[in-house]
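Reviewing the structure listed below.
The values are calculated or read from the model by the stated rules, or taken from the named source; none is laboratory data. This structure is a prediction, so every number in the text was calculated from the model and none was measured. Positions of Cβ are backbone-derived with ideal geometry, glycine not excepted, and every protein chain shown enters the neighbour counts. SASA here: full protein model, heavy atoms, side chains in, ligands and nucleic acids out. Shrake-Rupley method; radii C 1.70, N 1.55, O 1.52, S 1.80 Å.
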Amino acid sequence: SENLGHPFWVAAERLPMLRAVYPDSKIEPLLIPPPSERERHWQRADAIRELVRGRMEVIGPITAIELASLFQLPVGEINTALAALEGEGFVLRGKFHPHAEELEWCDRRLLARIHRLTLNRLRAEIQPVSIAEFQRFLLAWQRVEIEHRAEGIEGVRAVLELLDGYELPAAAWEPEVLLLRVKEYQPAWLDQLCFTGRFGWGRLTAPQKTNGRPPLPVRSSPISLFSRENLVHWLALSAPLAATDFSPDTIRTLEVLAQGGALFFGELVQKAGLLPSRLERALAELTAQGWVTADSFEGLRALLVPEEKRAPFASAERRRHHKAVTSLEFAGRWSLLRNAVNAGDGEQFAASSLVHKAGNLKETSGSDSAPGVHGVSREQALEAFARVLLRRYGVVFRRILEQEALRVTWFELVRVYRTLEARGEIRGGHFVAGISGEQYALPEAVGLLRAIRKRAPKGDLIPISAADPLNLTGVLTTGLRVAAISAHRVLLRDGIPTVALKAGELVPLTQGVDVIDQTTERALKIGSMPAVLRPYYG
């Protein structure tokens, strides 16, 4: 067929449709449509739609202007046909080529096939690294390697974003984790980030039942540092706090915080009618149980030091022997952690919902983890957690979840990661050899993995606390698992755990480490704490 000098090839059964589009066309040689099509009457708009449909089934992503040029038809008619096909779900619009400037259209099934082939090609490009190389990658990714360590207050912010929502013993955060990742770390940097409202602290997971035993002291209690904007997500993924037997002082403190909102320590003393020392013990108990937080990290530091070292409530006799280094007054305002996400709406807990007539604490709506709590669904919270895990480890897989405390399953996370991979935001594939199951990574992590693989090991010895997130003994490696206790230490040689220090004894973690030399022993047992941290943790 010819129309305005432009030749087209057409099947005989499609000839009636083509005549509706090009009524003045000439047919050479003469074609006779089949009887079933000969009597069919085509409207021009329907014929153009079917003409475009046939082309879209084979052409891949294309613009309306390119289709109009191909068919020698006005762009307006092509756009009308594409809109009709989109309404049927036959085509999708978007920008599918990497540098596309104009809107493109593509057959939905063809686009899905192209997408699968693209993902398969990207996955085939990946060369998995060994577990040893992956652990060296983690040292760089989490800012532990000397050349990758962060600096200044922005460096602290970057590290906290990596560890957002991670639980550690309260006494391990600064001397064992932040100090290892930030050059010349200063406690004031963390306080400033907390005072500005960017980060907060508190216990997110519900404590286990003690069966009559006293609860964990604050130093050993699992505490998280979290981005304030993610607190709502972490609470949605945490179990609600169960009823707890509290002392009368603790119940009175809860009542005051429930009625008065965020209060300074001096205001709490006045409204609760308690002695400062008794109020300190109540706040310590509430902190360990996950009920309260403060404006700055200084509030937690104050709970970590012995009473006689706090100011200004130490006795005169104690002040003569111990120089006061901190006070709960320096923490700013104290508030209920589970109420922190509602502070902007002016919502407060009712004291009657907190205190049971038998002196037990009731569950409250602020700790409910059902979908929709705090204005977010579980799906939204899961996506936030999935993204934080990628930031924390660069590469994620099922075993990594053994390090996390929030109530999330790998099955739930995989659905999120598959969606992110389909969007092109992350990469899927087999990144770490020796690890089974699906693995996902940030694009920038893939580049760093390649660089680490090309770099020869330097024999670096890096001691870490067993409470550090990089203590992956028994997770990535087989054999002994070193419990996440601050007093335990693990020595990494090029990222591989080789020796552990447990209860004062050196324990080999890898085969072939039969003789422990003085260098290894010194690296594990000797450490210096900066003067700015020694008063709190020394």
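Quantify, in whole percent, the carbon and sulfur part of the accessible surface of segment 387-538 (1.4 Å probe; protein heavy atoms only).
Details: 3800 of 7200 Å².
Of the solvent-accessible surface of segment 387-538, carbon and sulfur hold 53 percent.
Using a 1.4 Å probe over the heavy atoms of the protein chains, calculate the carbon and sulfur portion of the accessible area of segment 11-58 as a whole percent. Intermediate results must be reported in sequence, preceding the final value.
Details: 1540 of 3100 Å².
On segment 11-58, the fraction of accessible area on carbon and sulfur atoms equals 50 percent.
Send over a whole-number figure in Å² for the accessible area per residue of segment 1-96, probe 1.4 Å. Let's see the in-between values first.
Numbers: 5710 Å² over 96 residues.
Computed with neighbouring chains in place, this is 60 Å² per residue.
Which percent of the accessible area of segment 156-201 is formed by carbon and sulfur heavy atoms (probe 1.4 angstrom)? Walk me through the numbers before you get to the answer.
Values: 640 of 1350 Å².
Its accessible area is 47 percent carbon and sulfur atoms.
For the residue pair THR196 and ASN120, what label-to-label distance in nm results when each label sits 7 Å from Cα along the Cα-to-beta-carbon direction?
Label-label distance for THR196 and ASN120, simple model: 4.9 nm.
Can you tell me the accessible area per residue over segment 150-239, all protein chains present, probe 1.4 angstrom, in square angstrom? If you can, show how the numbers build up before the last one.
Numbers: 3400 Å² over 90 residues.
So segment 150-239 comes to 38 Å² accessible per residue, rounded to a whole number.
Quick check on packing: order 447-457, 76-86, 419-429 by the mean number of other C-beta atoms within 10 Å, highest mean leading.
76-86, 419-429, 447-457
Would you mind getting the accessible area per residue of segment 402-538, heavy atoms of the protein chains only, 1.4 Å probe, in Å²?
On the way: 6750 Å² over 137 residues.
Here the residues of segment 402-538 average 49 Å² of exposed surface.
Obtain the nm distance between the two label points defined at GLU13 and GLU161 by a simple spin-label model: each point lies 7 Å from its Cα along the Cα-to-C-beta direction.
5.8 nm
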